[in-house]
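> Here's a structure for you.
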Amino acid sequence: MKLYFSSKQIPQLQSYSLTERLTLLREAQQKLTGPEKLLLNLLKLLIFIPVFILILQTSDNWWALAWALLLFLLYPIVIKPIQFGLCAKYLSHNKPQGN
C-alpha cells in the first residue's frame, strides 16, 4: 500500500477538481472491506483515547492539555495517508456521479 498525503497525489484523481476528488474518495471509502475499515477505526482509536486520557489529567498537569492538542493535530497526518492508500485501489477512471 502506497501512502498519499494529498488527494492530488493519487494517480487516478490527478485530472479531477477538488469536489470530484472528494466524491470519488467517498465512493471508494464505501467499498472498503471489513478488515480495512476495522484497521482505520482502530488507528483512530489509538489517537483519540490518549487525547481524552490527557484531557482528564489536566486537573493535575496543565501540560497534558498541550500534549492532547499535539496528538489531536497529528490525527490528519497519520490517518489521511493511510485512508488515501486504502481507497486508491478502489478508484476508477470514471467521472463522479451526481455533480
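> Taking only Cα atoms, what is the 0 to 90° angle, nearest 10, from helix 63-88's long axis to the longest principal axis of the chain?
For helix 63-88, the angle is close to 20 degrees.
> Kindly state, to the nearest 0.05, the FRET efficiency for residue 74 paired with residue 31, given R0 = 35 Å and r defined as their beta-carbon distance.
Approximately 0.85, to the nearest 0.05.
> Which trypsin sites (Lys or Arg not before Pro) in the range 1-52 pass both tests, a DSSP loop state and at most 16 other beta-carbon atoms within 10 Å?
For trypsin sites (Lys or Arg not before Pro) across the range 1-52 that sit outside H, G, I, E and B with at most 16 neighbouring Cβ atoms in 10 Å, the list reads 2, 31.
> List the chymotrypsin sites (Phe, Trp or Tyr not before Pro) within the range 1-72 that DSSP assigns to loop and that have no more than 14 neighbouring Cβ atoms inside 10 Å.
5, 62
> Sequence neighbours fewer than 8 away in the same chain don't count; with that in mind, list the aspartates and glutamates whose C-alpha is under 19 Å from residue 44.
Answer for residue 44, where 19 Å is the Cα cut-off: 36, listed by chain and number.
> I need two numbers for the chain: Rg to one decimal and Dmax as a whole number, Cα atoms only, in Å.
Over the chain's Cα set, Rg and Dmax evaluate to 16.8, 55 Å.
> Using a Gaussian network model of the chain with C-alpha springs under 10 Å, which one of 32, 24, 70 is most mobile by mean-square fluctuation?
70
> With angles folded into 0 to 90 degrees, how steeply does helix 34-56 sit against the dominant principal axis of the chain? Use alpha carbons for both and round to 10.
Its long axis makes an angle of about 30 degrees.
None of the figures in this text is laboratory data; all of them are computed from the coordinates on show. As the structure is a prediction and not an experimental result, all values here were calculated from the model. Heads up, the Cβs are rebuilt from the backbone with ideal geometry, glycines too, and the neighbour counts pull from every protein chain shown.
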